[in-house]
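Have a look at the structure below before the remarks.
The values are calculated or read from the model by the stated rules, or taken from the named source; none is laboratory data. Note that the structure is predicted; figures quoted are calculated from it, not measured. Because the Cβ atoms are built from the backbone with ideal geometry, glycine has one as well, and the counts that use them run over all protein chains shown.
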Amino acid sequence: IQTAGRTLRRALGSGSNEAWLKAATLIPVPPSKIEADPLYDDRLLRVLKEVGAGLELDIRQLVRQKASTLAAHESAIRPRPHEIAENYYIDDALADPMPAAIGVFDDLLTTGSHFKAMKSVLQDRFPGVAVTGIFLARRVPETDDPVER
């Protein structure tokens with residue numbers, strides 16, 4: 001989590017990205033389990049907090065899920081963006097101030113369904129606010145020998 005956060009901070013906190021990072025509202029994609037579920041996993045939020053360590057970034061869990069779902073990697077049937085969006089809602093307690101720009105953060109982009117669902121829900125609530133996707137993927141090779149891969 002610390003390594004991921006530091007890597008993203010280096011990528012997002014330099015050059016022309018720095019001004020955007022300081023102006024944007026960063027929102028993690030909700031995990032498959034709601035907070036009341038014992039399997040709830042807040043690692044995306046923790047990565048974003050690492051990105052913002054020592055900075056005054058606007059990091060909010062603005063989009064929540066109504067009910068727990070199967071994790072995408074555990075399901076043979078992938079829900080479509082509109083199906084995912086039906087389970088999302090805006091946390092009204094966190095909706096003010098209105099974001100100037102939004103960065104949706106997820107740990108992997110496979111089909112883009114969760115991002116599309118998030119973008120739809122956010123644009124419905126905050127029309128005209130640009131929504132950008134930020135994705136971090138990590139791959140651990142089975143071997144260091146490229147011939148064996």
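Structure notes:
- Among the residues of region 10-41, just one is touching a helix residue (DSSP H, G or I) at 6+ places or on another chain (Cβ under 7 Å), assigned to a helix (DSSP H, G or I) and modelled with pLDDT of 90 or more, namely Leu21.
- Residues in region 43-55 that are in contact (Cβ under 8 Å) with a residue 12 or more places away in the chain and outside any helix (DSSP H, G or I): Gly52, Ala53, Leu55.
- From the list Val129, Val121, the one residue that fits, being surrounded by 13 or more Cβ atoms within 10 Å (Cβ to Cβ) and either within 16 Å of Pro30 (Cβ to Cβ) or in contact with a Gly (Cβ under 7 Å, 6 or more places away or on another chain) (or both), is Val121.
- Taken together, the residues in region 7-19 that are exposed (fewer than 15 other Cβ atoms within 10 Å of the Cβ) and at negative phi amount to 7.
- Picking from residues in region 66-105 that are without any contact (Cβ under 8 Å) to a residue 12 or more places away in the chain and either touching a Cys at 6+ places or on another chain (Cβ under 9 Å) or part of a loop (DSSP other than H, G, I, E, B) (or both), the one that is farthest from Lys33 (Cα to Cα) is Pro97.
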